[in-house]
1. Given the criteria touching a helix residue (DSSP H, G or I) at 6+ places or on another chain (Cβ under 8 Å), farther than 19 Å from residue 243 by Cα, at pLDDT 95 or above and not basic (Lys, Arg), does residue 91 qualify?
2. Can you name the residue in segment 152-187 that is closer than 23 Å to residue 132 by Cβ and among the hydroxyl-bearing types (Ser, Thr, Tyr) and, of all such residues, is surrounded by the fewest Cβ atoms within 10 Å (Cβ to Cβ)?
3. Could you give me the residue pairs with C-beta distances under 7 Å whose first residue belongs to segment 55-78 and is small (Gly, Ala, Ser), whose second residue is buried (at least 16 other Cβ atoms within 10 Å of the Cβ) and part of a loop (DSSP other than H, G, I, E, B) wherever it lies, and which are 6+ apart or on separate chains?
4. So, restricting to helices (runs of 4 or more DSSP H) that lie completely within segment 69-166, which ones have at least 3 residues that are within 21 Å of the chain's Cα centre (by Cα)?
5. What single numbered condition from (1) under 17 Å from the mean Cα position of the chain (by Cα); (2) outside any loop (DSSP other than H, G, I, E, B) fails to hold for residue 223?
6. From the list 229, 244, 213, 236, which one is touching a residue at least 40 places away in the same chain (Cβ under 8 Å) and more than 20 Å from residue 22 (Cα to Cα)?
Amino acid sequence: MFYEKRGGDDGVPIVFAHGWDRNHEDFIPTVELVGDAAPLVLLDLHGFGQTPRPKDDWTTQDYALAIKDFLEAELGITKFMWVGHSFGGRIGLRLASMNQSPVEHLFIVAGAGVKLPQPIMRQIKGKWRSWQFKKKKAAATTEEALIALEKAFGSPDYVQSRESGMRDIFVRTVQEDQTAELSRIACPTTLLYGAEDTETPPAVGKALHRGILHATYVECPEFDHLTILSRGRHQLTTLILETLGQGEAS
């Protein structure tokens, strides 16, 4: 598993985990601001960046167990803070809900992991669209036609998962709903969402806020799913430094 170490030598390590089809570089703007305030570990999750994909179609629970074992065996880290963006947030929820969890503070940035109730009309439209896709897929006679259908009906991540060879893991993990496990999260949790995020909208963060006992919800106007990490890096850094007891970032 590829990782990059930065930061200082003292204190509880902070582990950063990126979103789907991203890599550890997404968090470099944040860790540069955090500086030497804590030991910092940036991961390339399995199947992304410089880390090869798993041999099997992993769930987020499989990811969490593998990462926990890796951090302990490779780096000697048994307790840590977790900062997870999007897919990395899904894995963070799993780590934090474990018995004897290694997570001392959980930061979820634009994270998914729960299913929101859908209005009846949206459910009907979704089922109709799914039926259309399956019907046209069955009639497709070439790979080019199939790829064109996926681009017309699927999300960008779904389309990309074919190219990366991660389709099986994407389909399996995106269908997960961790709502029932949220009450098991005992560590302090900070939820950071962009008001303009359409991939994991603020409603997802608010649902997590309702389900996690010691959670704080922060919403930033004007940021979307990715700019919450780039232009929004100061907000995330400030939350991390406040948790470390070092005030705001300069």
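The values are calculated or read from the model by the stated rules, or taken from the named source; none is laboratory data. Remember, it's a predicted structure, so these values are computed and weren't measured experimentally. Here the Cβ is made from the backbone with ideal geometry for all residues, glycine too, and neighbour counts use every protein chain on show.
1. Working: touching a helix residue (DSSP H, G or I) at 6+ places or on another chain (Cβ under 8 Å): yes; farther than 19 Å from residue 243 by Cα: yes; at pLDDT 95 or above: yes; not basic (Lys, Arg): yes.
Answer is yes for this residue.
2. Only one residue fits best here, namely 155.
3. 66/46
4. Values: elements: 87-96, 120-139, 143-153, 156-164.
Helices (runs of 4 or more DSSP H) meeting the threshold: 87-96, 156-164.
5. (2)
6. On the way: 229 fails: more than 20 Å from residue 22 (Cα to Cα); 213 fails: touching a residue at least 40 places away in the same chain (Cβ under 8 Å); 236 fails: more than 20 Å from residue 22 (Cα to Cα).
The match here is 244.
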